[in-house]
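Can you keep this structure in mind? I'll have questions shortly.
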Amino acid sequence: MDPTRPESFNHRSERLSTGRTYHFVDQIPTNYIPGSTPTLLCLHGFPDLWYGWRYQIGPWTRKGYRTVVPDMLGYGQTDMPFDATQYSTKMLCNDLVALLDLLGVSKAIVVGHDWGSYTAGRFALWHPDRLLALVMMSVPYTPPSLNYMPVEGVVSRYQDFGYQAYFATHSSTADIDPKVSYLLQILYRKSDGVMPWTKPGEMKNLLINEREVTDCLLNHKELEYYVSQFSRGVLGPLSYYRTAKVRYEEEKGDN
């Protein structure tokens, strides 16, 4: 299995009981025993795809795990609703339960990174009976908020979240759509402070005043695949940043 070649993996697209169609990789080990072999459910973040787990899928499967890796809602070949409320974390978790149901998996080891980590934490909160173990990377678990704080309020306290306020604006979609390749090169590069983008105004400034990126961590074929999968636009992926209020409302009962 060549991890850089998407065709090396077992791809599926299925309509779930929630009504939404998900694309996912379903890699099954040779010694698979239904109801006995543990399943890993891997959730990516922004701006990623199932492909972000490409180097882990093979080794985990060879270790005997069934490895299920979806394109999250709005990404790749998975459905992309236009309404940002459709990306609420509770709805995403319901989709993931429906995916496990489709696969006949009663409990999974849920592994999340970035937005996938936030979703994994909420999966544990709302569906503990479907959880065998939980792995959260880059974003720690945070309990439901007692009070609503818009993203602008968060940025006023933590300036490095400035990019989130920008992504939460609808104008960012129009800014980024024609420059997806450039955005990916900015975000998939070494973090050395040469091209800062996290504080208010920095990301928009980079998009307006493009600078050459010489140290992207993706090779040409990898970048080409990412760009092809974002060809529908970034409305779906950016919608996650526009769910602060709906997430607060759906979590109020869990405070």
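Each value in this text was obtained by applying a stated rule to the coordinates, not by laboratory testing. Model, not experiment: these values are computed from the prediction. All Cβ positions, even for glycine, are placed from backbone atoms using ideal geometry, and neighbour counts span all protein chains on display.
Only sites in a loop by DSSP and with at most 15 other Cβ atoms within 10 Å count here; which trypsin sites (Lys or Arg not before Pro) in region 1-80 make the cut?
Lys63
Under a cut-off of 18 Å between alpha-carbon atoms, report the aspartates and glutamates in cross-link reach of Lys245, not counting same-chain residues fewer than 8 places apart.
Of all the aspartates and glutamates, those that pass the test against Lys245 - Cα under 18 Å, at least 8 places apart if same chain - are Asp83, Glu152, Asp254.
For the charge dipole of the chain, defined by +1 on Lys and Arg C-beta atoms and -1 on Asp and Glu C-beta atoms about the Cα centroid, which residue among Thr169, Val194, Tyr118 has the Cα displaced farthest towards the positive pole?
The residue sitting farthest along the positive end of the dipole is Tyr118.
Let a ≥ b ≥ c be the square roots of the eigenvalues of the Cα gyration tensor of the chain; is it rounded (a/c under 1.5), or, if not, prolate (a/b larger than b/c) or oblate?
It comes out oblate by the Cα gyration axes.
What does the charge add up to near Met136, with Lys and Arg as +1, Asp and Glu as -1, over the other residues with Cβ less than 12 Å from its Cβ?
It works out to a net charge of 0.
For region 166-185 and region 1-51, compute the distance between their C-alpha centroids and round to whole Å.
Region 166-185 and region 1-51 have Cα centres spaced 27 Å from each other.
DSSP loop (so not H, G, I, E, B), at most 16 other Cβ within 10 Å: list which trypsin sites (Lys or Arg not before Pro) in region 169-198 pass both filters.
Counting only loop positions with at most 16 other Cβ atoms within 10 Å, the trypsin sites (Lys or Arg not before Pro) in region 169-198 are Lys190.
Please order Tyr118, Tyr55, Tyr75 by the number of other Cβ within 10 Å, starting at the fewest.
Ascending Cβ contact count within 10 Å gives the list Tyr55, Tyr118, Tyr75.
Note down the magnitude of the dipole of the chain about its Cα centre, charges +1 on Lys and Arg C-beta and -1 on Asp and Glu C-beta and zero elsewhere, to the nearest 20 debye.
Dipole of the chain, to the nearest 20 debye: 380 debye.
Under 12 Å Cα-Cα from Lys179, which aspartates and glutamates qualify once same-chain neighbours fewer than 8 residues away are excluded?
Straight-distance partners of Lys179: Glu210.
If each DSSP helix of 4+ residues adds -39,500 (n - 2.57) and the sum is divided by the residues in the chain, what number results at 222 nm, nearest 500 deg cm²/dmol?
-10000 deg cm²/dmol
Next question, about the same structure. Under the 0.36 nm per residue contour assumption, what length would be gained going from the current alpha-carbon distance of Thr37 and Met137 to full extension?
The Thr37-Met137 span can extend by a further 33.6 nm.
Hey, fewest Cβ within 10 Å first, where do Met203, Met72 land in order?
Met203, Met72
To continue, here is another question. Hey, fewest Cβ within 10 Å first, where do Asp175, Asp129 land in order?
Asp129, Asp175
Moving on. Pick from Glu14, Glu212, Glu224 the residue whose mean-square fluctuation is largest in a GNM of the chain, springs joining Cα atoms under 10 Å.
In the Gaussian network model the winner is Glu212.
Still on this structure, I have one more. Once you've got the GNM for the chain with C-alpha springs shorter than 10 Å, pick whichever of Val234, Val68, Val194 has the biggest mean-square fluctuation.
Val194
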